[in-house]
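Just below is one structure, and these are the notes that go with it.
Please treat every number below as a calculation from the coordinates, not as lab data. Just so it is clear, the model here is predicted, and its values are computed rather than measured.
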Amino acid sequence: MRHSVVPNRASQVSSASHANASAAAIAKLLEKKKEYEGVSALERASSLYLERLEALGDDCETMAKAGEVHGQVLAQWPKMFQILSQFLEAQGSHEAKGGGEIHAAPSTGQRLVRIPIEELQPGTEKS
């Protein structure tokens, strides 16, 4: 003869202990859901923070490259003033040899470009 399986049925378990167990399982499930939502929110915030930091890193790299270019341009200024000074000295010596008007060569950096204003004014004519 076989033994009866009736005592192992769920209907035989007391309803009070079953209600307590299901309430505890539901409470644990709700707690785990809240924990999962918190972890998900933290993950989203972390990914947004990472994107912002990467964008800042890109901006810093751009500024570093711009600083290098700025430094290269600034390094060229002394050479440019030296070339302009040599040009003005050569122009002054050329005018002195030509016997025309003699202009004293200005010191370095005083005059970068000469604009012939007299020629541009409509009332004066060049002879």
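Quick rundown of the values:
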{"item": "Phi-based couplings in Hz for the stretch 77-88 (Karplus 6.51, -1.76, 1.60; Gly and Pro marked x)", "result": "4, x, 5, 5, 5, 5, 5, 5, 5, 5, 5, 5"}
{"item": "Karplus-derived 3J(HN,Hα), 6.51/-1.76/1.60, for each residue of the stretch 36-43, Hz, glycine and proline x", "result": "5, 4, x, 5, 5, 5, 5, 5"}
{"item": "Calculated SAXS-style log₁₀ I(q)/I(0) at q = 0.14, 0.19 Å⁻¹ - the stretch 17-91, Debye, Cα scatterers", "result": "-0.74, -0.89"}
